[in-house]
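Written out below as structure tokens is the structure these notes cover.
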Amino acid sequence: MTIDKIELRKIFLPYIKPFKTSGWVEKGNSGIIVKIYSGGEIGWGEAPVGLEPWYNEETTESAWAVMRDVLVPLVLKTDVGSTEDIDKLFSPVRGNKIARAGIEFAVWDLWGRIHNKSLSELLGGSRKKVAAGVSIGIQKNIDLLLKIVEGYLKEGYRRIKIKIKPGRDIEAVKAIRSIWKDIPLQVDANSIYSLKDAEHLKKLDDYSLLLIEQPLAHDDIYEHSKLQKLLRIPVCLDESIVSPEHARTAIELEACRIINIKACRVGGLIAAKKIHHLAQESDIPVWCGGMLETGIGRAVNAALASLPNFTLPGDLSANDRYFHRDIVLNPFTLNSDGTLTVPNTPGSGVQVDEKFLDEITIQKIELSNKK
Ligand code: OSB
Ligand code: MG
């Protein structure tokens, strides 16, 4: 398969409300949308990078430069025989995992459309529907947080995750648990604590939480292994796992009992699948994380979450939880049983609203094959 042309767009799509973590605020999706052309077919991908390097080291500008100068030229001069080829082609590139994934996703979508197979089918997924969870940012006060939790539970979300930080951790969990004794509940610290906070974090053991996500440094595995030994609740790693090798290390060191898989964080779906399989062999459950993606990225996440070891609900919410209007014509909606339906049409299943995409495009380039 020859790739004839790749179009890259920087977009900005505001969120309904800004999303606040322990360390930063996201006002909108500032990702890069990839459209890839081969013969008469096309494929779509999304690299959900932030404007600033708060989640990982990448930014919209860094991903743009790496895609334009390195990744796209590599793809254009290669005859792509499979989606594995893209992973191999990009393997000499250090870091820049979200940029790599954005292009890899577009190739998967194209591959599925050409071979008339859904992304879920290509990945070996078995679930037709995936349990939907919601990730709630840090709110002005706990009363407001409780109102928001109540709203999402009424909508039918099956699992609540809240962002925490010092001063907004135990109190927030306690307040939620005083009303909802047994809803599936988990917390995400986005690396705000250190091992010195272990005694404090132990207080979370009393609230039957599903897990605590990424309590310590974004690039640490070893200290998480020390922390896990001190806590009853499972530690779940997000930021620290950027490759299957990291996942193997974390599992061997017992640094976590659960893994959050984001295909974008690990460079794409080939790496995500490897982590899924590794975790499965070690009885480590996984769940699908999110990066507040548009419908393009969320379709990839839903397909990934259809794999068998995704046994915990993901940060997979309906599009209206993020945006007033999304760039897909077939946005995800929440089913009455608290699930999202995994697309079963060829590729990732998205129909892109190209007119609206044009409206939110900040910059666009087209790179073509001049072979
Ligand atoms: O740490 O999981 C995270 C959003 C942006 C960056 C990091 C994270 C998140 C989320 C939101 O928690 C998940 C979602 O609903 O997409
Ligand atoms: Mg996280």
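Taken over the alpha carbons of the range 121-341 as equal point scatterers, the Debye sum produces base-10 log I(q)/I(0) values at 0.07, 0.17 Å⁻¹ of -0.20, -1.25. Average accessible surface for the chain: 40 Å² per residue, computed with a 1.4 Å probe over protein heavy atoms with every protein chain in place. Here the chain exposes an accessible surface that is 52 percent carbon and sulfur, computed with a 1.4 Å probe and the other protein chains kept in place. Relative contact order of the chain: 23 percent, from C-alpha pairs under 8 Å at least 6 residues apart in sequence.
If you take all other residues with their beta carbon under 13 Å from the beta carbon of Ala175, and give Lys and Arg +1 and Asp and Glu -1, the sum is +1. Can you flag which of Lys161/Lys226; Lys88/Lys202; Lys129/Lys229; Lys174/Lys196 are past 32 Å Cα-Cα? Lys88/Lys202; Lys129/Lys229, as the Cα separations exceed 32 Å there. A dipole drawn for the chain from +1 and -1 charges on Cβ atoms has a positive end, and of Ala279, Gly268, Ser368 the residue lying farthest that way is Ala279.
Using the average count of surrounding beta-carbon atoms within 10 Å as a protection proxy, the listed peptides 296-303, 275-282 rank, highest first, as 296-303, 275-282.
Computed on the range 121-341, with alpha-carbon pairs under 8 angstrom and 6+ residues apart, the relative contact order is 23 percent.
Look at where the Cα atoms of the range 1-76 and of the range 99-164 average out, and the two centres are 18 Å apart.
For the chain, adding -39500 (n - 2.57) for each run of n ≥ 4 DSSP H residues and dividing by the number of residues yields -9500 deg cm²/dmol at 222 nm.
For Ile32, the residues whose modelled amide H falls within less than 5 Å of its own, excluding neighbours fewer than 5 places apart on the same chain, are Ala47, Val49. The charge dipole of the chain, taken about the Cα centre with unit charges on the Cβ atoms of Lys, Arg (+1) and Asp, Glu (-1), comes to about 480 debye, rounded to the nearest 20. The accessible area of Tyr207, taken with all protein chains in place and a 1.4 Å probe, comes to roughly 40 Å². Each Cα pair under 8 Å and six or more residues apart adds its separation to the average, and for the range 251-327 the resulting relative contact order is 30 percent.
The values are calculated or read from the model by the stated rules, or taken from the named source; none is laboratory data. All of these numbers come straight from a predicted model, not from anything done at the bench. In this analysis, Cβ positions are derived from the backbone assuming ideal geometry, glycine residues included, and neighbour counts consider all displayed protein chains. Keep in mind that these areas ignore ligands, DNA and RNA; they rest on the heavy atoms of the full protein, side chains included. Shrake-Rupley method; radii C 1.70, N 1.55, O 1.52, S 1.80 Å.
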